[in-house]
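Undergrad: Handing you this structure, nothing more for now.
The values are calculated or read from the model by the stated rules, or taken from the named source; none is laboratory data. Since we're looking at a predicted model, the values are computed, not measured. As a convention, Cβ positions derive from the backbone with ideal geometry for all residues, glycine included, and neighbour counts pool all protein chains shown.
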Amino acid sequence: MTELHWLPEMQDWRARLRSLTSGPGSVWENAVALAGARINFVLTNALDERLRRLLSGPPDGLQTKPVRLAVLGSSTLTHLLPAIRVAGLRRNIWIDTYENDYGQYWQELSDPDSALHQFRPTAVLLALDARDLTAGITAAMDPEAVEGAMTEITERIRATWRMARDTLRCPVLHQAALPLHLPLLGNNEHRLAGSRAAFLGRLNARVRTMAEEEGVDILAIDDRAAMDGLRAWHDPGLWHRAKQEVSHTAAPMFGDMVGRWVAAKQGRSFKCLVLDLDNTVWGGVIGDDGMEGIELGQGSPLGEAYVAFQDYARELSRRGVILAVCSKNDEANATEPFEKHPDMVLRRGDIASFVANWSDKAGNIRAIAEELNIGLDSLVFIDDNPFERNLVRQELPMVAVPEVSDDPTTYPVALADAGYFEGLAVTDEDRERTSQYHGNKARDALKASVTDLPAYLRGLEMELIARPFDRVGLQRIVQLINKSNQFNLTTRRYTDEDVIAVMADPDAFGLQLRLLDRFGDNGVIAIVIGRLQPNKDLLIDTWLMSCRVLGRQVEPTALNLIARNATRLGARRLVGEYIPTEKNGMVKDHYAKLGFTVMETDPAGGSRAVLDLAGYRPAETFIQVTEG
Amino acid sequence: MATEGEIYPALTTIFHDVFLRDDLTLCAETNAKDVVGWDSFKQIEIIMASEEQWKIRFSTRELDALRCVGDLVRTIAAKTGGG
């Protein structure tokens, strides 16, 4: 599979391509946004062609260095060039490309008056095809003859590198050969000296050693094809038809790999991985499930998958990627597993910037970048929650946000396939980086954010479906009532029978609220139980909500529903209670924020608050309500 | 499974993307002479985009036999079991 699966899909992509000149930003900025979507080779070509019609050179004020890349090879490479240019675009880098006349790369290199020299490249990609490299190798050859051929071909490659470096004075990227030859012996192919398959494997190994000596970088499409499957990269039919070694369908991946190198050469690889916690680093919600309840560690496949992801993140940090945490949690809850959970791989000391609070994540990510004193465009943010991902993408388009499923086994794959942290060398400084950042930690970087949340919420097309308690929902209702700790005003626990009793009680109502948005169905996310008292007060016996949907106006929308149901029962006032526990501090001022008047406060911190229904005006929110 | 009726709209989208034109309408007789820029390079793009779209792979013989859009649609339908 060569799909750029870590990039998000964009529904209105074609319409936005058509309106490249009239979109919200400049033509270049609009095109950068389109390059950040998951597109196949056809759309990649379309984007490239449109943009090149509109812009003949890099736009004014571009912060990155334009690149002139000569792509040299012995087969057809034309179909790969748009994908290379779009991969540059994705990284805000303008790339011009040049391709040698078919089969003429050596002649053009040697001739200072050639079109290649006139192009004045700033970088060279040498993409030699596997058939050319193994020309003359046959199974009939003895080991000595094969070794002679190996020396000849490797020295020819070395000479080409030197020629490119000395005459064009620019860095060289050498494409490893695609291992497309079929075996003749089979599993023990290595025993046949004249096997082209075995020869190519040895050649790729030799070339890597030689590249170290010559200061040349490698484009490892052999490794990539091993992961994706050779068939995804090479179509023999296409070779016979058009002498194209790399398939069109693999072009976006090929281009992106070149783009990573171009960006890395300019020091523009991503530097920091920002981790969400709940359901990203461990399974479950630490504030609700507690240390014993989260899924992490041996014993469950899911728990082991989270461990594996943590291990990958820690390995990244050991080679110089900075780790940070951005989580919606009470800080004490969020740090507890890092300090005390026996199966945590990541420890508090691995995290250079740790932000856990209830503010919006875009603002928090800005704070992390400030604290670490690095650009926002060097951050990668991974979160299982599509709401958070899309908020950050909209507010901070320069932050990379990989598209992931809810399956933690896919998280390391997404980070690796995206190549965010492409590195060209490893220094001692890289290995010590996290501790350096840890030293100058400054929590005061948490400034007020300027995130445009209302605009985001409006665009979410949220729908809240309110249903009275029913048998179908019983299991989820009871589960939420017994599991929710943080956003839970009274923490009253009820059994199946208790919930069924609410359904049957004419002076009570139970509401289960389901939230949908344009990214999907969040499921039942809030539960309310109201009980009419003899004095016509409606007591809000239970109000709990999943923390996943905080900050999305579910609270005032739910209050509108409570008020409507209370009025239906003949109530005159709403009475809300707050019963403090160790974990529900976040809802201490819940009723005051919603316009209730706090009447009584007890010494333990609990309170009762009242809202007069006669004067109540339903709050206006961006959520459309459906009562079902 | 894709029937010929289902294939035409998706194939039209592919043509629009490949030729950067929204005004192309396809019929069975449409061939390379009718569309400006439909060269062997674009032909490969159309073929590979179709392979990706319908998760099929054309044989060399099938590709050599294509003369017009109708041939392509019939081949796709046959390969997906919709023909």
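Undergrad: Pick from the stretch A:226-243 the residues that are among the hydrophobic types (A, V, I, L, M, F, W, C) and under 27 Å from the mean Cα position of the chain (by Cα): which of them is farthest from the other protein chains (Cβ to nearest Cβ)?
TA: Only one residue tops the list, namely A:Ala226.
Undergrad: Only one of A:Pro121, A:Pro58 is within 32 Å of the chain's Cα centre (by Cα) and outside the structural domain of A:Ala418 (by TED's automatic domain parsing). Can you tell me which?
TA: Residue meeting the stated conditions: A:Pro58.
A quick yes/no check of all residues on (1) in the same structural domain as A:Asn204 (by TED's automatic domain parsing); (2) assigned to a helix (DSSP H, G or I); (3) among the basic types (Lys, Arg):
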position: A:Leu238; (1), (2), (3): yes, yes, no
position: A:Phe254; (1), (2), (3): yes, yes, no
position: A:Gln298; (1), (2), (3): no, no, no
position: A:Ala305; (1), (2), (3): no, yes, no
position: A:Ala308; (1), (2), (3): no, yes, no
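Undergrad: Further question: Which of the strands (runs of 3 or more DSSP E) found entirely inside the stretch A:506-624 contain at least 3 residues meeting this: buried (at least 17 other Cβ atoms within 10 Å of the Cβ)?
TA: Values: elements: A:508-517, A:520-532, A:537-545, A:573-578, A:597-601, A:607-612.
Of the strands (runs of 3 or more DSSP E) lying wholly inside the stretch A:506-624, those with at least 3 residues that are buried (at least 17 other Cβ atoms within 10 Å of the Cβ) span A:508-517, A:520-532, A:537-545, A:573-578, A:607-612.
Undergrad: Considering only residues that are not charged (D, E, K, R) and not in a loop (DSSP other than H, G, I, E, B), look in the stretch A:172-199 and name the one that is nearest to A:Glu147 (Cα to Cα).
TA: It comes out as A:Phe199.
Undergrad: Is it fair to say B:Glu52 is touching a Ser or Thr at 6+ places or on another chain (Cβ under 8 Å) and within 14 Å of chain A (Cβ to nearest Cβ)?
TA: Numbers: touching a Ser or Thr at 6+ places or on another chain (Cβ under 8 Å): yes; within 14 Å of chain A (Cβ to nearest Cβ): yes.
Against the criterion (touching a Ser or Thr at 6+ places or on another chain (Cβ under 8 Å) and within 14 Å of chain A (Cβ to nearest Cβ)), B:Glu52 qualifies.
Undergrad: Checking A:Leu275 against (1) more than 14 Å from chain B (Cβ to nearest Cβ); (2) farther than 30 Å from A:Phe354 by Cβ; (3) touching a strand residue (DSSP E or B) at 6+ places or on another chain (Cβ under 9 Å): exactly one of these is not met. Which one?
TA: It fails just one condition, (2).
Undergrad: Now a separate question. Quick check on A:Pro8: is it surrounded by 14 or more Cβ atoms within 10 Å (Cβ to Cβ) and either in contact with a Phe, Trp or Tyr (Cβ under 6 Å, 6 or more places away or on another chain) or within 12 Å of chain B (Cβ to nearest Cβ) (or both)?
TA: Working: surrounded by 14 or more Cβ atoms within 10 Å (Cβ to Cβ): yes; either in contact with a Phe, Trp or Tyr (Cβ under 6 Å, 6 or more places away or on another chain) or within 12 Å of chain B (Cβ to nearest Cβ) (or both): no.
Considered against the rule, which asks whether it is surrounded by 14 or more Cβ atoms within 10 Å (Cβ to Cβ) and either in contact with a Phe, Trp or Tyr (Cβ under 6 Å, 6 or more places away or on another chain) or within 12 Å of chain B (Cβ to nearest Cβ) (or both), A:Pro8 comes out as no.
Undergrad: Restricting attention to the stretch B:62-83, report how many residues are among the basic types (Lys, Arg) and within 10 Å of another protein chain (Cβ to nearest Cβ).
TA: Number satisfying all stated conditions: 0.
Undergrad: Taking A:Ala251, is it touching a residue at least 40 places away in the same chain (Cβ under 8 Å) and within 14 Å of another protein chain (Cβ to nearest Cβ)?
TA: So A:Ala251 passes the test.
Undergrad: Looking only at the stretch B:32-49, which residues are loosely packed, with under 15 Cβ neighbours inside 10 Å and more than 9 Å from every other protein chain (Cβ to nearest Cβ)?
TA: Within the stretch B:32-49, B:Lys33, B:Asp34, B:Val36, B:Gly37, B:Asp39 qualify.
Undergrad: Looking only at the stretch A:163-187, which residues are of a type outside the set (A, V, I, L, M) and either surrounded by fewer than 16 Cβ atoms within 10 Å (Cβ to Cβ) or touching a Leu at 6+ places or on another chain (Cβ under 7 Å) (or both)?
TA: Those that are of a type outside the set (A, V, I, L, M) and either surrounded by fewer than 16 Cβ atoms within 10 Å (Cβ to Cβ) or touching a Leu at 6+ places or on another chain (Cβ under 7 Å) (or both): A:Asp166, A:Thr167, A:Arg169, A:His174, A:Gln175, A:Pro179, A:His181, A:Pro183, A:Gly186, A:Asn187.
Undergrad: Also, I was wondering about something else. Scan the stretch A:79-98 for residues that are out of contact with any helix residue (DSSP H, G or I) (no Cβ under 6 Å at 6 or more places or on another chain) and within 14 Å of chain B (Cβ to nearest Cβ) and report the count.
TA: The qualifying residues number 1.
Undergrad: Which of the residues spanning the stretch A:337-393 are in a helix (DSSP H, G or I) and aliphatic (A, V, I, L, M)?
TA: A:Ala362, A:Ile365, A:Ala367, A:Ile368, A:Ala369, A:Leu372, A:Leu376, A:Leu391, A:Val392, listed by residue number.
Undergrad: Among the listed residues A:Ser19, A:Ser56, A:Ser74, A:Ser26, which satisfies the condition of being within 13 Å of another protein chain (Cβ to nearest Cβ) and either over 24 Å from A:Ala400 (Cβ atoms) or among the polar types (S, T, N, Q) (or both)?
TA: Being within 13 Å of another protein chain (Cβ to nearest Cβ) and either over 24 Å from A:Ala400 (Cβ atoms) or among the polar types (S, T, N, Q) (or both) holds for just one of A:Ser19, A:Ser56, A:Ser74, A:Ser26, which is A:Ser19.
Undergrad: Looking only at residues in the stretch A:32-43 that are among the hydrophobic types (A, V, I, L, M, F, W, C) and within 14 Å of another protein chain (Cβ to nearest Cβ), which one is nearest to A:Arg393 (Cα to Cα)?
TA: Restricting to residues being among the hydrophobic types (A, V, I, L, M, F, W, C) and within 14 Å of another protein chain (Cβ to nearest Cβ), the top hit is A:Ala37.
Undergrad: Output yes when any residue across the stretch A:257-267 is over 19 Å from A:Lys361 (Cα atoms), within 14 Å of chain B (Cβ to nearest Cβ) and basic (Lys, Arg), and no when none is.
TA: no
Undergrad: List pairs: first residue in the stretch A:6-32 and among the hydroxyl-bearing types (Ser, Thr, Tyr), second residue surrounded by 16 or more Cβ atoms within 10 Å (Cβ to Cβ) and part of a helix (DSSP H, G or I) anywhere in the structure, Cβ distance under 6 angstrom, at least six positions apart or on different chains.
TA: Pairs found: A:Thr21/A:Val27.
Undergrad: If you don't mind, another one. Assuming A:Ala46 fulfils every condition listed in (1) of a type in the set (Gly, Ala, Ser); (2) at pLDDT 95 or above; (3) within 30 Å of A:Ala164 (Cβ to Cβ) apart from one, which condition is it?
TA: (3)
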